[in-house]
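Step one of this worksheet: look at the structure below.
The values are calculated or read from the model by the stated rules, or taken from the named source; none is laboratory data. Just so it is clear, the structure is predicted and the values come from calculations on it, not from any experiment. Glycine gets a Cβ as well: all are built from the backbone with ideal geometry, and neighbour counts include every protein chain shown.
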Amino acid sequence: MYDVNEVRKDFPILSREVNGKPLVYLDNGASAQKPQVVIDAVTRGYAEEYANVHRGLHYLSNLATDKYEGVRGTIARFLGATSEDEIVYTTGTTMGINLVAYGWAMPRMEAGDEIVLSVMEHHANIVPWHFLRERQGVVIKWVDVDSTGALDPQKVIDAIGPKTKLVAVTQVSNVLGTVVDVKAICAGARAKGVPVLVDGSQASVHMPVNVEEIGCDFYAITGHKLYGPSASGAIWIKSDRMKEMRPFLGGGDMIREVHKDEITYNDPPMKFEAGTPGIVQQIGLGVALEYMMDLGMENISAHEAMLRDYTVSKLGGLNWISTQGTTADKAAIFSFTMEGAAHAHDISTILDKKGVAVRAGHHCAGPLMDHLGVSATCRASFGLYNTTEEVDALVDALELAHDLFG
Ligand code: PMP
């Protein structure tokens, strides 16, 4: 375990005030704050080491290329991948899933073929599949969560039929915090010969991940939630699957030769990385992942489990708060609504006056909102630097909101 008060000193923004109150940042599910080492790496990347990558025959270009390419190995280590060639750089999970939709699924799915999704997917893992539904008649099969927000892996496996070409599930819900047993889903899907895409946007932040142990085919992560820069990220793609993929975006870097009548492609993973990338962002992501691994993913997970249990007990004492997602196996992510007329946006506005940053809305999870029968919730999502005192500040601010609206 680490000393959270020492860790907080690494994040300069955490010592600022908001609306005259110390910032209590509980919007980590949307985007996490950055440690000084990441800020320094980004500054150095621009101030001292900047040039375009891959095509230079000069010192700075080679330096930037080495640093940028070096991150592939860091991501592979972070995800427990055996080869860094299985890491495709992206601008985040949205791009990673779109790459799979356009590059792998689109050429091999026809009308009537199915994709299995859980009802608690983020729009990033829904909309690309709707494109396939609209454009080529692919059928989306939805698997519900139970009343506690848990997803039974067997229900996902049972939904796989002879026409199913892909299962795409999140490992942790960005709304409910539910942890999904993706390993069991992958084992069942593999037995039926169906690949699995795991949306690791939330899970990779909160727990150790090993893609080989999970047994999936695609695993997407997003840098800005991992204490790294926005527009950084990656998707791990099993090499057999990568060989089956056609390129998604076309442009510089992803080709070997271009002529008037023919083109040849670069080797994977660069075959899937077109154009000038987020060079400094990706270098910053590498530093962020090293920072997390230095703290220890087990330690981060244990610290957040402590925060989760403390929050469960505190919110449990407020009988005018309903928490959505009560399964025990969950990350420290809490969605809730308040009895009475208060809308989630009104609650978050009051909380903000107290310096407490939470998110309110549908959290890019329309089908889950329909399933829960709500139009919006408030969401408090915790990160590695949050404290029990901040949980208390959240509860105090909620009591104020309840006094005003209840
Ligand atoms: N999936 C999940 C579960 C998420 O929480 C998010 C971000 N809210 C995304 C996908 C999309 O990530 P990004 O916007 O960084 O591409």
Problem set entry | Pairs, first in a strand (DSSP E or B) in the stretch 191-202, second among the polar types (S, T, N, Q), C-beta under 8 Å, six or more apart | LEU197/ASN125; VAL198/THR170; VAL198/GLN171; ASP199/THR93; ASP199/ASN125; ASP199/THR170; ASP199/GLN171
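Conditions tested, residue by residue: (1) closer than 29 Å to GLY296 by Cβ; (2) touching a strand residue (DSSP E or B) at 6+ places or on another chain (Cβ under 6 Å); (3) of a type in the set (Lys, Arg).
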site	(1), (2), (3)
ILE87	yes, yes, no
VAL100	no, yes, no
GLY112	no, no, no
ILE126	no, no, no
GLN136	no, no, no
LEU151	yes, yes, no
ILE157	no, no, no
PRO162	no, no, no
For this session: With the condition kept exactly as written, say whether any residue in the stretch 385-394 is within 16 Å of the ligand (Cβ to nearest atom) and among the aliphatic types (A, V, I, L, M).
Result: no
For this session: Scan the stretch 157-164 and give yes if some residue there is in a helix (DSSP H, G or I) and under 27 Å from LYS271 (Cα atoms), otherwise no.
Result: no
Seminar exercise, completed: Exactly one of THR311, THR388, THR327 is surrounded by fewer than 16 Cβ atoms within 10 Å (Cβ to Cβ), of a type in the set (S, T, N, Q) and modelled with pLDDT of 95 or more, and that residue is THR388
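If you take the residues in the stretch 114-128 that are assigned to a helix (DSSP H, G or I) and either more than 13 Å from the ligand (Cβ to nearest atom) or within 14 Å of the chain's Cα centre (by Cα) (or both), which one is nearest to ASP217 (Cα to Cα)?
Across the stretch 114-128, the extreme among qualifying residues is ASN125.
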Seminar exercise, completed: Note: among ALA81, ALA105, ALA111, just one is away from the ligand (no atom under 16 Å from the Cβ) and either in a helix (DSSP H, G or I) or touching a His at 6+ places or on another chain (Cβ under 6 Å) (or both), namely ALA105
For this session: Just give me the residues in the stretch 206-215 being more than 15 Å from the ligand (Cβ to nearest atom) and part of a loop (DSSP other than H, G, I, E, B), in sequence order.
Result: PRO208, ASN210, GLY215
Exercise. On the given criteria, is ALA274 touching a residue at least 60 places away in the same chain (Cβ under 8 Å) and aliphatic (A, V, I, L, M)?
Worked result: no
